[in-house]
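Beneath this line is the structure, given in C-alpha cells, with notes to follow.
The values are calculated or read from the model by the stated rules, or taken from the named source; none is laboratory data. It should be emphasised that the depicted structure is a prediction, and the values quoted were computed from it without experimental measurement. Cβ placement follows ideal geometry from the backbone for every residue including glycine, while neighbour counts extend to all protein chains displayed. Side chains included, ligands, DNA and RNA excluded: accessible areas come from the protein's heavy atoms. Shrake-Rupley method; radii C 1.70, N 1.55, O 1.52, S 1.80 Å.
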Amino acid sequence: MPTVAFHTLGCKVNSYETEAIWHLFKNNGYEQVDFEQMADVYVINTCTVTNTGDKKSRQVIRRAVGKNPDAVIAVTGCYAQTSPSEVMAIPGVDIVVGTQGRDKLIEYVAQYRRTREPINAVKNIMKTRIFEEMDVPSFTDRTRASLKIQEGCNNFCTFCIIPWSRGLLRSRQPESVIQQAKQLVTAGYKEIVLTGIHTAGYGEDLKDYNFARLLRDLEDQVKGLKRIRISSIEASQITDEVIEVLNRSKIICRHLHIPLQSGDDEVLRRMRRKYTVDEYREKVSLVKRALPGLAVTSDVIVGFPGETEEQFMNTYRFVEETGFAELHVFPYSKRTGTPAARYDNQVAEDVKNDRVRRLIELSNHLAKSYASDFVGQVLEVIPERPYKEDPGSGLLMGYSDNYQQMVFAGDVTLIGHVCKVRMDKAGYPYCFGTLVTSEFGALNYA
C-alpha cells in the first residue's frame, strides 16, 4: 500500500484542508504515516502570513526531501500560491499547487511518476470566483468537526497578505453546507465549528442569502446538532439580523472571536480596519446582551508601524474595559508585499516585545477573572481527550460552550458526548470541575 505523510503550517483552515487532502489520498488506497517516517509522498501545506511562515515552510520542505529523496514532494497552501517559482526552485520539489485545484493532487502525483517532469499547477487566485468543494467526512483524533463555509477575503488590511494568497471572498453553496453538516452529525459529531478565511463574510457574494440565514438554516435543518461554534466574526459583520439569530438560538455557543487588532482609532485607520473603537464597543455590548455569559476572545497586534506608547495604552485600557475571556497577542511582523511593510516609523523589536508581555499578562488576568464568574455553575462540556498534563489520572478535558477548558474525572467512553460539569475551581488555561450528568445519565465520577 503506498504511503503519504503530511505537514501543516499555519491556521485552522489549513488544518481543515490537510484533512480534506488526506481523504483524497485515503480514497485512492494510501495509508497515512507520520511525517518523520519514510513515505512515498510528502504533502506540505504551507503558510505565508508572515515572512517567518515562508521560512518555516522552506525548512519543512527541505526536511521532507532529505527523508526520502525518491519520494514525490508536493507543496500546497498559501506560500505555494504567492511564491510558486520560489518553491519550485527548492531542489527536490516535484509538484506545486496553490490554494485552488487541490482536488487534482492524486492526478498530479500519477503524472509526475509517469513523466518525472516537475508540475507547477498554481493559477491566478484573483480570477477565481468559485468555492472549492473539499469535504471532510471525519477528522483524525477530533471530537469537534470543522466545516469550511467560505474562502478568501475582500478587506485588504494593510498588514495582511491573505487576499493575495487566498483570493477574493467566495461562499460555499448553502445546500452543500447543510448537506455536509448532516453528514458530520451522522458520523457522530455533536459540535460543528464554522470556519473560513473571513467566516462571517459568508454570503456577501450570494444572492438573497447571508451568514445569519445560514446559522438559522443549520439550526432548523440539521437534526441532532448540539452546538454551532463560529470560529471568527468581524465587528462590522455583527448585523442586527445576526444578533437576532444569536438571541433566539439554542445551539450557538456562547463564544465569539471578534478580532480587535488595536484599541486606537488612528492605528485602526492605518491598518484599514472597517470599524472604530466605539463601534467595536457597541457591537460587543449588543452580543453580550444577546448571549448572557458570552466569552469574547480576540486578536491584537502590538507595535504596528507608528504606534506610540499612548496609542498602545489606549489598546491596553480598552482591552481591560472590555473584559475579554482570552487574547491572542502578536507583535507586528513586517510582511513583504503589504503596504504596512513600507510604512515609516517601524517600532523597535524590544518595544514590541515589552508591549506583548504587558498585554499577555493582562490577558491572563482577564481570563481567570472571566472564568471565576462561573464557579459553582453547571456548564455543558464535550470532553475531547484525557487530560494532557496527566493522561493516566482518570481526568478528561474538553471545552464548555463558553470556551472554558474544563478538566474533570470521567470515563473515556464520555469523550465526544455532551456532559454537564459543575465548575469547582477557575483557572487559566484549565478550570476544574465535577461531572454531574452525561448524555448517558451517568452520575458523579468524582
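Values computed for the structure shown
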quantity	calculated
Packing-based ranking, highest mean first, of 243-249, 104-110 given that Cβ atoms within 10 Å are counted	104-110, 243-249
Within the chain, helix-based [θ] at 222 nm, where runs of 4 or more DSSP H residues each add -39,500 (n - 2.57), nearest 500	-10500 deg cm²/dmol
Fully extended contour minus Cα-Cα distance, from GLU310 to ASP34, at 0.36 nm per residue	94.5 nm
Solvent-accessible area per residue for the stretch 344-440 (1.4 angstrom probe, square angstrom)	46
At R0 = 25 Å, FRET efficiency that the Cβ-Cβ distance of ARG281 and TYR209 yields, to 0.05	0.25
Ranked order, SER15, SER57 - accessible area, probe 1.4 Å, largest first	SER15, SER57
Per-peptide average of other Cβ atoms within 10 Å, ordering 335-342, 414-421, 24-31 highest first	414-421, 335-342, 24-31
Solvent-accessible area, 1.4 Å probe, carbon plus sulfur percent, for the chain	50
Sorted peptide list for 400-409, 117-126, 233-242, criterion being average Cβ within 10 angstrom, highest first	400-409, 233-242, 117-126
Per residue, in Å², the accessible surface of the stretch 30-102 once ligands and nucleic acids are set aside, probe 1.4 Å	37
Surrounding net charge for ASN402, when Lys and Arg each add one and Asp and Glu each subtract one, Cβ distance under 14 Å	0
Global form of the stretch 354-406, assessed from the alpha-carbon gyration tensor, a/c cut-off 1.5	oblate
Entries in LYS250/LYS425; LYS127/LYS207; LYS12/LYS288; LYS56/LYS368; LYS104/LYS127 that, when Cα-Cα distance is taken, lie over 23 Å	LYS250/LYS425; LYS12/LYS288; LYS56/LYS368
Residue-count net charge about LEU256 - beta-carbon cut-off 10 Å; Lys, Arg +1, Asp, Glu -1	+4
Extension gain from THR239 to VAL412, taking 0.36 nm per residue of separation minus the Cα-Cα distance	58.2 nm
Global form of the stretch 87-200, assessed from the alpha-carbon gyration tensor, a/c cut-off 1.5	oblate
Sites ALA89 and HIS365 - FRET efficiency at Förster radius 56 Å, r taken between beta-carbons, to 0.05	0.75
Orphan Cys of the chain, criterion: no other Cys C-beta under 4.7 Å	CYS11, CYS47, CYS78, CYS153, CYS253, CYS419, CYS431
Relative contact order (%) - the chain, alpha-carbon pairs under 8 angstrom, separation at least six	9
Accessible area per residue, Å², the stretch 125-268 with all protein chains present, probe 1.4 Å	37
Estimated FRET transfer efficiency (GLU133, ASN155; beta-carbon r; R0 22 Å; 0.05)	0.35
Fully extended contour minus Cα-Cα distance, from GLU439 to LYS55, at 0.36 nm per residue	133.6 nm
Counted charge near GLN179, where neighbours are those whose Cβ lies closer than 12 Å (Asp, Glu -1; Lys, Arg +1)	-2
Prolate/oblate/rounded call for the stretch 40-82, Cα gyration tensor, a/c under 1.5 rounded	oblate
